[in-house]
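Inspection log for the structure reproduced underneath, given as structure tokens.
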Number of protein chains: 2
Amino acid sequence: MRNLFLGFGAGVAVGAGGCYLYLSVVQKPYAAPRRVGRGGVELDHPALKHGVPETDIIRVYEGYVAAYDYRTRNPKWVAEHITPASWTGEANRERSEFFPDPEVDPRFGAKLSDFRGSGYDRGHMAPAANHKDSQKAMDQTFSLVNISPQAGKGFNRDYWARFERFVKELTDVAGNVYVITGPLWLPTQQQLDDAAAGGAGGAGTANGGPTSKWTLTHDWIGKPPGLVAVPTHYFKVVLADTRDDSGSNASKQPPRGNKQPLPRGAVGVGAFVMPNAPIDPRTPLSAYVVPLEDLEQVAGTSFFPALLGDARRREAADVAAAGWRAAGMSQLKPFERLNMKQAFAALPPPASSMTIDVEASSSSGRSAAEAPRPPKTPAGSGVVHICEVNACKLPPVDFFQRGSGGGGGGGGGGGSRGSSAPASPRSR
Amino acid sequence: MRNLFLGFGAGVAVGAGGCYLYLSVVQKPYAAPRRVGRGGVELDHPALKHGVPETDIIRVYEGYVAAYDYRTRNPKWVAEHITPASWTGEANRERSEFFPDPEVDPRFGAKLSDFRGSGYDRGHMAPAANHKDSQKAMDQTFSLVNISPQAGKGFNRDYWARFERFVKELTDVAGNVYVITGPLWLPTQQQLDDAAAGGAGGAGTANGGPTSKWTLTHDWIGKPPGLVAVPTHYFKVVLADTRDDSGSNASKQPPRGNKQPLPRGAVGVGAFVMPNAPIDPRTPLSAYVVPLEDLEQVAGTSFFPALLGDARRREAADVAAAGWRAAGMSQLKPFERLNMKQAFAALPPPASSMTIDVEASSSSGRSAAEAPRPPKTPAGSGVVHICEVNACKLPPVDFFQRGSGGGGGGGGGGGSRGSSAPASPRSR
């Protein structure tokens, strides 16, 4: 019997050791992982003998995850998870400093000096004020992987700040809010006269040249060869998820404003695109609603693919999005509407019937009461357009001063966000 | 004793089983692989609960590997391994057809229709003629992940085709040639007058506005929101590796032209950038030599990082590169040189002494004999600039017709490359 135990013990050791040796030495899953790309693609190919070219990096921080692009030296997307707790802590942005990310090769990242004297703010994608639950989380939002050159006055310090406020207050109606923010470069359409058309692309077509072409023009800041691209637009995709909420309101406080509660178990979805330029504070947020499908295509990015990879879910929200956009556009003055159509030509406006409604009401003023009532998100998909929650109403212009919106973090978040990069001496 | 064996046997089973269970169920390395980004970054973060945004894909084919960008709908880089055998087979491009890659979501890939009537060729990054060792390998180069809109006449069908020929003939001097090809979007510098300077970026600087700014302008083809960006330039980085060669010449044929053999054990390196536009066939290839360091920064890409991640190796080749570029530039007419300086402003020309040499010889004609002799690559790094092999001489203009360069695949490769996408009917 003693032998049985002895033998068993020795056997366990040999078996476990052999298994460990096999898995760790022969298969080497940990010691020498095979080179795989995203999605598990095998990258063992003779062409890659001297290494896989690197063009971007993903950085994981306490409060956000950022994919950073080495060519534009901008974030590609920055993903956050916001809860009522994450934006009501005591962290203070006065203690935070912008810093070049230590994991980004300095040859491929923006530098602090690139922003000095550029005329652009160092704009956060994940706002510092969303991450007040710890000083560390807030400090980390000042990594340059989270920063993009934004127009300051009238945008980063004003309209965009109110929009950020709007987004974090969605924790009033859902316990878990997910946001993805990033830059866009949208081309515009130019009419060609016959003479110019022949030259486009070096060759005319058989049936005469094209009558228009798509062109992108945007600035870069910094010094060559390491320039930083200035986006023409920014996007945010928001997802307000009630599915893990308990019965009560997520924030355990009455929701600010006249918000409609999201149906329990529903997911609110919205996609927004704004120009990187001063915006008239009276512009309704709904004018910047875009269909997620179109945004995905111009951004070249799939958002929340595990939930919204299902095309039917996107379509449900996008029907409502087209309606909200039309409603917002109808509140603009005619010349504003024309400007916006040009700036958003690559994200075509809603089609046919909706557009006709808008044109018919083109003489209306800004009163929200006159806006056509947009359609409800079609039921059954489990997805609701986020504008149904509070009619896409931004917080008031003066929310910084008044500290409106309640809560401990009310006024503090926006206080110093307007500090643009200091101007450089003439000798730059 | 029998008990000892019995116990041992049972123990092995339990130990191995336990170890297997632990590794496969508890750690789950195979059943449910953790989400990791490139470089093994953990992507388990609450912000990514609904999936990691996807912005690109890497496709591995017989003859090449391509990283494809969903925003520009262009390849980011295409890597090839070329040997004497890979480009001298019997595959025929007449049997190949362009196709949208089945693994690319159609929402994020270029379409065949995007090129029709666009005025641009469907330009291969990995040339079809490099992959004649099997029909399948050649056919695969017609996937749209390998295609970018290139100016046809004077570029894709002419100068660029001669350049591709130059690259594959490097198998004369090294048994293994590695090439990475891709698009670039290079901004140019614009002078601002005082009035305009204040408006750039929406805010002036304290000490008066900047006097110049960097701007990128380029076209897009196709239909919104899924437009395809037209690059302003293209790059190739070549690496001719002799280290695995046997004693004899790699191709076992006398090298074409007046090539110098690469020293055994040496690695030839070169980086080239050309505008996506017709190029005067007399322009010396050396005028398009660029320092690898600068190219990496404007492309936002590290090339052959396992070999050239070592900055000293890049520097060695780049000293020579600056010399070759200066030599090439000196052979241009003054207005051509000015044009090229503007088109390459984001890739600054070689500095100080070298530039002065070039300016001094600005009245010279095109004769190669008058070109200043560029410096040799500094010894000791194991890296030699590729231009030392054959003075960066392109094959003659008429190599297609003459079938020069010998070998079975001589004339065939270029025969039908000039076919641009068919023009669309007017109704597009």
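The values are calculated or read from the model by the stated rules, or taken from the named source; none is laboratory data. All of these numbers come straight from a predicted model, not from anything done at the bench. Note: ideal-geometry Cβ built from the backbone for every residue, glycine included; neighbour counts use all protein chains shown.
Worth a mention:
- Some residue of the stretch A:286-307 being surrounded by 22 or more Cβ atoms within 10 Å (Cβ to Cβ) and more than 19 Å from the chain's Cα centre (by Cα): no
- The listed residue being in contact with a Pro (Cβ under 8 Å, 6 or more places away or on another chain) and not β-branched (Val, Ile, Thr), out of A:Ala320, A:Ala306, A:Ala299: A:Ala320
- Residue match in the stretch B:268-283 (condition: of a type in the set (S, T, N, Q), touching a Phe, Trp or Tyr at 6+ places or on another chain (Cβ under 8 Å) and surrounded by fewer than 22 Cβ atoms within 10 Å (Cβ to Cβ)): yes
- Answer residue from the stretch B:107-144, given it is among the charged types (D, E, K, R) and more than 14 Å from B:Val60 (Cα to Cα) and is surrounded by the most Cβ atoms within 10 Å (Cβ to Cβ) among those: B:Asp121
- Among the residues of the stretch A:47-99, those identified as facing another protein chain (nearest Cβ under 8 Å), crowded, with 22+ Cβ neighbours inside 10 Å and of a type in the set (Ser, Thr, Tyr) are A:Tyr64, A:Tyr70, A:Thr72.
- Members of the stretch B:333-342 that are more than 13 Å from chain A (Cβ to nearest Cβ) and assigned to a helix (DSSP H, G or I): B:Pro334, B:Phe335, B:Glu336, B:Arg337, B:Leu338, B:Asn339, B:Met340
- Inter-residue pairs, beta-carbon under 6 Å, first within 12 Å of chain B (Cβ to nearest Cβ) and within 19 Å of A:Asp158 (Cα to Cα) and in the stretch A:108-129, second buried (at least 22 other Cβ atoms within 10 Å of the Cβ) and basic (Lys, Arg), 6+ apart: none
- Residue that is modelled with the highest pLDDT [pool: residues in the stretch B:343-356 that are loosely packed, with under 13 Cβ neighbours inside 10 Å and not in a loop (DSSP other than H, G, I, E, B)]: B:Ser352
- Matching residues, the stretch A:311-332, being of a type in the set (D, E, K, R) and within 20 Å of the chain's Cα centre (by Cα): A:Arg313, A:Arg314, A:Glu315, A:Asp318, A:Arg325
- Selection status of B:Thr301, touching a residue at least 12 places away in the same chain (Cβ under 8 Å), of a type outside the set (A, V, I, L, M, F, W, C), touching a strand residue (DSSP E or B) at 6+ places or on another chain (Cβ under 8 Å) and at the interface with another protein chain (Cβ under 8 Å from one of its Cβ atoms): yes
- When restricted to residues that are closer than 25 Å to B:Leu216 by Cβ, facing chain B (nearest Cβ under 10 Å) and modelled with pLDDT under 65, the stretch A:171-211 contains 8.
- Any hit, the stretch B:147-156, residues being more than 11 Å from chain A (Cβ to nearest Cβ), modelled with pLDDT of 95 or more and either in a helix (DSSP H, G or I) or buried (at least 21 other Cβ atoms within 10 Å of the Cβ) (or both): yes
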